[in-house]
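Only one structure is covered here, and it is reproduced in the block below.
Each reported figure results from applying straightforward, stated rules to the coordinates on display, with no laboratory input. Treat the numbers as computed from the prediction; the structure is a model and nothing was measured. Virtual Cβ from ideal backbone geometry, glycine too; neighbours counted across all protein chains shown.
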Amino acid sequence: MEKVTVRDFLKKKEKKEKVIMLTAYDYPSAKIISQTSLDGILVGDSLGMVVLGKENTLKVTMRDMLIHLDAVVRAKPPQLIVADMPFLSYETSTKDAVKNAGLFARHGADAVKLEGGEEMKDVVKAIVRSGIPVMGHIGLTPQRFLRIGGYRILGKREKEEEQLIRDAKTLEEAGVFSVVIENTYSDVAKKITESVSIPTICIGAGPYCDGQILVIHDLLGLSDFTPYFAKKYIDLRELIRRAIEDYISEVKEGKFPGKEHYKSRDS
């Protein structure tokens, strides 16, 4: 598999082929993904909650993100690697935004993702001007859950729908190569998708987008809580629990370690 680029994402929109992404936060996951035909990996700030056990994404730092980005990059996956810009790494000024996006690029990210719509126009332009591809993110933006009023579905009111469409169009004009649409009504996501020429990638926004993305822990059944829009393809939590219980039993019963698991000078 050749290295995926932002141009490949745009071509998929033209060819009406689905863009398929997953999050990944560590070397083993990225290594497994590298052996699949997945299009892109998002090193998401969701790592704060699903990996580090934090209450929300507001507590994720640049240091957190760079550590996990480095781990994913070391696996050398052919997929496009997108790094999430954490809270306050780009909102404070365009200078800070370019500097932090540049750090991600230097650590091996192929692109960065940031949350927000019209208000992020100048930030997106500045990062793109510096030579770094940007993925947008509209709808439910977790870094703004306090302003939004919680983790809720957006687009119910006509005013919200119109704003979401404006956000997508403005981000496209600013230079993003794709946009994530999170937790909106499916018919709204469909209208957004039809209104822009860049790929839309849905998470909890229905089947009408140009692609889909899931948190890998949700897909594998490793999350404490699986959102309604995620599908659990396997229950690894239960498999891991059983394996640990088997290990405990075998140690207690003297079955582990067996002769094949250690060396003796008498053998």
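In this structure, the pairs whose alpha-carbon distance is over 29 Å, taken from LYS76/LYS263; LYS54/LYS159; LYS99/LYS231; LYS13/LYS159; LYS54/LYS190, are LYS76/LYS263; LYS54/LYS159; LYS99/LYS231; LYS54/LYS190. The overall shape of region 6-234, judged from the alpha-carbon gyration tensor, is rounded, with an a/c ratio under 1.5. Around the Cα centre of the chain, unit charges on the Cβ atoms of Lys, Arg, Asp and Glu (plus for the first two, minus for the last two) sum to a dipole of about 420 debye. Neighbours of ARG106 by Cβ distance under 14 Å: Lys/Arg scored +1, Asp/Glu scored -1, total -1. Computed from backbone phi with θ = phi - 60° and the Karplus coefficients 6.51, -1.76 and 1.60, the 3J(HN,Hα) list for region 25-35 is 10, 8, 5, x, 5, 5, 5, 5, 4, 4, 9 Hz; x is used for glycine and proline. From the square roots a ≥ b ≥ c of the eigenvalues of the alpha-carbon gyration tensor of region 102-231, which class results: rounded (a/c under 1.5), prolate (a/b over b/c), or oblate? Oblate. Using 1/(1 + (r/R0)^6) with R0 = 45 angstrom and r between the beta carbons of GLU238 and SER93, what's the FRET efficiency to the nearest 0.05? Plugging the Cβ-Cβ distance into 1/(1 + (r/R0)^6) gives 0.45. Compared with the dominant Cα axis of the chain, that is its longest principal axis, helix 94-106 is turned about 40°. Across region 129-136, computed HN-Hα scalar couplings (Karplus, 6.51 cos²θ - 1.76 cosθ + 1.60, θ = phi - 60°) run 4, 7, x, 10, x, 10, 9, x Hz from first to last residue, x flagging Gly and Pro.
Helix 158-174 axis versus longest C-alpha principal axis of the chain: approximately 90°, rounded to the nearest ten. Only helices enter the 222 nm calculation for the chain: every DSSP H run of n ≥ 4 contributes -39,500 (n - 2.57), and dividing by all residues gives -12000 deg cm²/dmol, rounded to 500. Of the peptides 58-69, 1-12, the order by per-residue mean of other Cβ atoms within 10 Å, starting with the highest, comes out as 58-69, 1-12. What does the charge count around THR5 come to, taking other residues whose C-beta lies under 12 Å from its C-beta (Lys +1, Arg +1, Asp -1, Glu -1)? Taking every Cβ under 12 Å from that of THR5, the sum is 0.
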